[in-house]
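Student: Have a look at the structure that comes next, please.
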């Protein structure tokens with residue numbers, strides 16, 4: 001016959017009487033531990049323990065936020081907006097860091113018809129080429145161009161006759177995103193290749209654009225990443241450069 005044992009009571013199990021004494025609180029291990037350590041040290045211990053737990057929770061939260069931020073950055077390369085236009089050929093001036101060249105290549109894509117929106121979509125496609133894994137001029141992925149404004153340049157004082165009239169010239173104002181500038185590699189050559197690539201791409205696809213100026217988040221900025229000048233107005237010309245630095 002098996003009986004449930006309770007402390008401090010005699011329990012009959014067959015013919016054997018068993019007594020399990022109740023351990024006084026003062027003799028238990030936790031009580032001895034508390035009695036051996038001063039109260040202020042116990043308080044300090046529990047405060048430190050709570051601080052460790054809170055710090056661990058904070059670090060886990062920050063790790064999750066950083067992971068989400070990196071995932072969003074890796075997937076930030078803009079996709080071409082759906083348009084109803086048929087695809088058409090256009091030219092991109094692609095830079096190469098290995099030999100300092102800028103080469104004109106042809107691509108096919110459907111572009112918007114509004115000139116300023118078309119220019120922005122074209123430059124975003126150019127930047128997306130540089131975000132590809134095997135890019136010869138690697139740049140961080142993500143939206144790079146916020147807006148492109150095409151402004152008509154002042155007409156000469158004496159109006160030309162219809163026989164020798166020329167198309168109106170335009171100034172392209174490219175408003176770059178601050179995030180693109182902050183992530184751009186620093187260096188004289190790499191910065192100039194980026195500017196030459198942008199200027200040459202606009203020149204090849206927008207014949208009326210004769211000058212190019214850059215802004216960053218709508219404001220003037222001295223340099224791209226410490227070297228290439230962003231305060232000057234660049235002429236929109238053919239910027240293709242052969243390997244070794246000679247113009248094509």
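Student: Tally up the residues in the stretch 226-246 that are crowded, with 17+ Cβ neighbours inside 10 Å and in a loop (DSSP other than H, G, I, E, B), please. Outline the logic, then answer.
Tutor: The initial filter retains those residues of the stretch 226-246 that are crowded, with 17+ Cβ neighbours inside 10 Å, namely 228, 230, 234, 236, 239-241.
Next, only the ones that are in a loop (DSSP other than H, G, I, E, B) stay: 228, 230, 236, 239-240.
Here the count works out to 5.
Student: Also, quick follow-up: For the condition buried (at least 17 other Cβ atoms within 10 Å of the Cβ), modelled with pLDDT of 90 or more and in a loop (DSSP other than H, G, I, E, B), what is the one hit in 139, 132, 126? Don't jump to the end; show me each part of the working.
Tutor: Details: 132 fails: buried (at least 17 other Cβ atoms within 10 Å of the Cβ); 126 fails: in a loop (DSSP other than H, G, I, E, B).
The match here is 139.
Student: Also, I was wondering about something else. Being over 15 Å from residue 217 (Cα atoms) and surrounded by fewer than 19 Cβ atoms within 10 Å (Cβ to Cβ) is the filter here, so list the residues in the stretch 175-204 that pass it.
Tutor: Those that are over 15 Å from residue 217 (Cα atoms) and surrounded by fewer than 19 Cβ atoms within 10 Å (Cβ to Cβ): 185, 186, 187, 188, 189.
Student: Follow-up. Can you tell me how many residues within the stretch 189-217 are assigned to a loop (DSSP other than H, G, I, E, B) and either out of contact with any strand residue (DSSP E or B) (no Cβ under 6 Å at 6 or more places or on another chain) or not assigned by TED's automatic domain parsing to the domain that holds residue 126 (or both)?
Tutor: Within the stretch 189-217, the first condition is being assigned to a loop (DSSP other than H, G, I, E, B), and the residues that meet it are 206-208, 217.
Next, only the ones that are either out of contact with any strand residue (DSSP E or B) (no Cβ under 6 Å at 6 or more places or on another chain) or not assigned by TED's automatic domain parsing to the domain that holds residue 126 (or both) stay: 206-207, 217.
Residues flagged as assigned to a loop (DSSP other than H, G, I, E, B) and either out of contact with any strand residue (DSSP E or B) (no Cβ under 6 Å at 6 or more places or on another chain) or not assigned by TED's automatic domain parsing to the domain that holds residue 126 (or both) within the stretch 189-217 amount to 3.
Student: Here is a follow-up. In this structure, does residue 111 turn out to be surrounded by fewer than 11 Cβ atoms within 10 Å (Cβ to Cβ), assigned to a loop (DSSP other than H, G, I, E, B) and at pLDDT below 90? If you could, list the steps in order and put the result at the bottom.
Tutor: Values: surrounded by fewer than 11 Cβ atoms within 10 Å (Cβ to Cβ): no; assigned to a loop (DSSP other than H, G, I, E, B): yes; at pLDDT below 90: yes.
Criteria not met by residue 111.
The values are calculated or read from the model by the stated rules, or taken from the named source; none is laboratory data. If you're wondering where the values come from, they're calculated on a predicted model, not measured in any experiment. Cβ atoms come from the backbone with ideal geometry, glycine included; neighbour counts cover every protein chain shown.
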